[in-house]
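A.B. asks: One structure is given below, represented as structure tokens, and several questions about it will come after.
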Amino acid sequence: MSEEYGKKTFHLDVVAVKLDPQFKVYSETPINTPRDIGEIAYRLFGNLDREVIAIFNLKVDGQVASCHIAGVGTVDSCIAHPRELMKAAILTNASSIILCHNHPSGDLSPSKHDIDMTARMAKICNLMQIRLLDHVIVGAGPRFTYLSMFDKGIIQNRSDGTMDVSLDYLDKVAERSVAYGEVYRRPDETGKIR
């Protein structure tokens with residue numbers, strides 16, 4: 001697209017970004033547990049020699065719409081900006097996301113950076129009305145291991161139905177090298193979302 005303004009001509013490239021609908025993602029089976037995502041992540045990047053941060057974007061029915069590798073780091077750290085983490089969620093029209101990364105050391109303990117990134121993403125997801133379901137860490141090694149921040153109580157549902165990091169974890173972490181659908185979306189018998 002070019003336009004003439006006075007005696008100068010300005011040129012603006014129009015760029016479109018889209019996902020390829022022909023490419024089938026890992027499973028047409030809905031994700032039901034943190035282990036389901038952990039197993040996919042372990043197969044994809046669990047045994048790499050460096051940390052990788054990925055976002056699994058889920059459709060309303062819990063199927064994986066896409067897996068976006070948002071950052072590749074070093075043996076003990078990886079940084080991904082929130083805009084990189086949210087990009088594919090918006091493009092795939094995701095109703096929820098699951099953060100996931102690996103620890104090449106095999107130690108599944110979340111670092112302070114892991115907790116801080118999760119807290120920041122919880123706030124962003126709450127604003128964008130895209131549910132952050134979990135942050136899953138997978139370990140390296142011949143045997144599959146994982147840690148779900150939701151299962152450990154690090155990420156919690158608030159009374160208004162949004163997610164946030166438990167205040168108990170924000171200051172205590174030291175730096176060191178039932179189905180999702182049921183748990184996250186359904187109110188209990190009193191009407192509160194757990």
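Every read-out reported here was derived from the displayed coordinates using simple, explicitly stated rules and does not represent laboratory data. Every value quoted in this text rests on a predicted model; they were computed, and no experiment measured them. FYI the Cβ positions are ideal-geometry reconstructions off the backbone, even for glycines, and counts take in every protein chain you see.
A.B. asks: How far apart, in nm, are the 7 Å Cα→Cβ label points at K8 and T74?
C.D. replies: With each label point 7 Å from Cα toward Cβ, the separation is 4.3 nm.
A.B. asks: Could you put T145, T74 in order, starting from the residue whose Cβ has the fewest other Cβ atoms within 10 Å?
C.D. replies: Fewest-to-most Cβ neighbours within 10 Å comes out as T74, T145.
A.B. asks: Taking every DSSP beta bridge with both residues inside the range 24-185, roughly what % is antiparallel (nearest 5)?
C.D. replies: Details: 19 of 27 bridges.
Here the antiparallel bridges make up roughly 70 percent for the range 24-185.
A.B. asks: Let a ≥ b ≥ c be the square roots of the eigenvalues of the Cα gyration tensor of the range 76-149; is it rounded (a/c under 1.5), or, if not, prolate (a/b larger than b/c) or oblate? The partial results should precede the final answer.
C.D. replies: Numbers: a/c = 2.17, a/b = 1.84, b/c = 1.18.
Because a/c hits 1.5 or more and a/b exceeds b/c, the range 76-149 counts as prolate.
A.B. asks: Fully extended, how many nm does the chain gain between H113 and D61 (0.36 nm per residue separation, minus their Cα-Cα distance)? Could you put the intermediate results ahead of the total?
C.D. replies: On the way: separation 52, 0.36 × 52 = 18.72 nm, distance 3.10 nm.
Working it through step by step, the gained length comes to 15.6 nm.
A.B. asks: At 7 Å along the Cα-to-beta-carbon direction for both K152 and T33, put a label point, then send me their distance in nm to one decimal.
C.D. replies: About 1.9 nm, to one decimal.
A.B. asks: Which residues in the range 120-140 have a backbone N closer than 12 Å to a point placed 7 Å from the Cα of L91 along the Cα-to-Cβ line?
C.D. replies: Correct set: none at all.
A.B. asks: Ok, one more. For a test of the definition: using alpha carbon positions, the gyration tensor, and the 1.5 limit on a/c, classify the range 24-185 as rounded, prolate or oblate.
C.D. replies: Details: a/c = 1.42, a/b = 1.13, b/c = 1.26.
The shape class here is rounded.
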